[in-house]
Every structure is written in C-alpha cells, then in structure tokens.
Amino acid sequence: MTGTNMSHASPADVLSHNKVIGDKIAALTGQPAGTACNGFKSLGQCVAAAHVAKNLKIPGGFDALKAKITGSGSVSLGKAIQTLAPDADAKAEAKKANKQASDDMKEASS
C-alpha cells in the first residue's frame, strides 16, 4: 500500500493517480471516469452506483441513478434504488454494490 487512502480522497484526486479504477468505472458506466464520478462525495459511492446501475439495468442507466444521488434533493443509494427499481431489494442491492465497489478499490490499490 502506498499510503494513499482512496476512500477519503476526492474522486478526481484518486482517478488522476489510478488508471485501474478509472478504467473499471468507464467500463461500468460507458463514460470517462472523471465525468461519471463528478458530483459524488467519494469514489466508493461512484463505483457502487455504477455497479447498481449495471446490476439492475436501471431505467435511464447510471445517469438516472447519479442524478438521484448527487442532484438537488439527493438521496442515499438505497433510496435511489427504491425509486428507480421498486421491485428490487434496495437494501440487499446497495450492500452488494458496496461490496463490489470495495473489492474494486482493493484490487485497484494493489
């Protein structure tokens, strides 16, 4: 480990140093990672949202989910899932996506 704690750095800071996680985000969202993660509080939050959008095939995709989480009147990932995919188990899907994001972050930092 290089002493860089990715979980607390801004997404832009991490992405400028870590091509692996940037490529993963781009693959999940179909957007450059910097664009995809703009507005998220943390990179982990961005990666988790990208996984949820892909896992659940959210109507409107990642952009719709991102708008719920980062836009005006923003809500948690779980609430955004409830709104955009009402048939999904929001709690389980948020947990699954956070685990996927955590695994991606660990993989990218090794």
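The values are calculated or read from the model by the stated rules, or taken from the named source; none is laboratory data. These numbers were taken from a predicted model, which means no experiment stands behind them. Quick note on the areas: whole protein, heavy atoms, side chains included, nothing else; ligands and nucleic acids left out. Shrake-Rupley method; radii C 1.70, N 1.55, O 1.52, S 1.80 Å.
Summarise the accessible area of the chain (1.4 Å probe, protein heavy atoms) by the percent that is carbon and sulfur.
Numbers: 3250 of 6160 Å².
Ligands and nucleic acids excluded, carbon and sulfur give 53 percent.
So with the 1.4 Å probe, I'd like the accessible area per residue for region 1-93, rounded to whole Å².
Details: 5050 Å² over 93 residues.
Computed with neighbouring chains in place, this is 54 Å² per residue.
Mind checking the full-extension length gain between residue 96 and residue 16? Use 0.36 nm per residue of separation minus the Cα-Cα distance, one decimal, nm. If you can, show how the numbers build up before the last one.
Details: separation 80, 0.36 × 80 = 28.80 nm, distance 2.65 nm.
Contour length minus Cα-Cα distance gives 26.1 nm.
Computed from Cα atoms, the angle from the helix 61-70 axis to the main principal axis of the chain rounds to 80 degrees.
Taking 0.36 nm per residue of sequence separation and subtracting the Cα-Cα distance, how much length would be gained by fully extending the chain between residue 23 and residue 103, in nm to one decimal?
Taking residue 23 through residue 103 to full extension adds about 27.3 nm, to one decimal.
Please state the relative contact order of the chain as a whole percent: Cα pairs under 8 Å, 6+ residues apart? Before the final figure, lay out each step's value.
Details: 127 pairs, mean separation 28.8, N = 110.
Reported as a whole number, the value is 26 percent.
Given a cut-off of 18 Å, name the pairs among 24/68; 68/91; 19/106; 41/79; 24/91 whose C-alpha atoms lie farther apart than that in the structure shown. Going by Cα-Cα distance, 24/68; 24/91 fall outside the 18 Å limit.
Can you classify region 42-87 as rounded, prolate or oblate using the Cα gyration tensor, where a ≥ b ≥ c are the square roots of its eigenvalues, rounded means a/c under 1.5, and otherwise it's prolate if a/b beats b/c and oblate if not?
Numbers: a/c = 1.56, a/b = 1.11, b/c = 1.40.
Taking the square roots of the gyration eigenvalues as a ≥ b ≥ c, region 42-87 is oblate.
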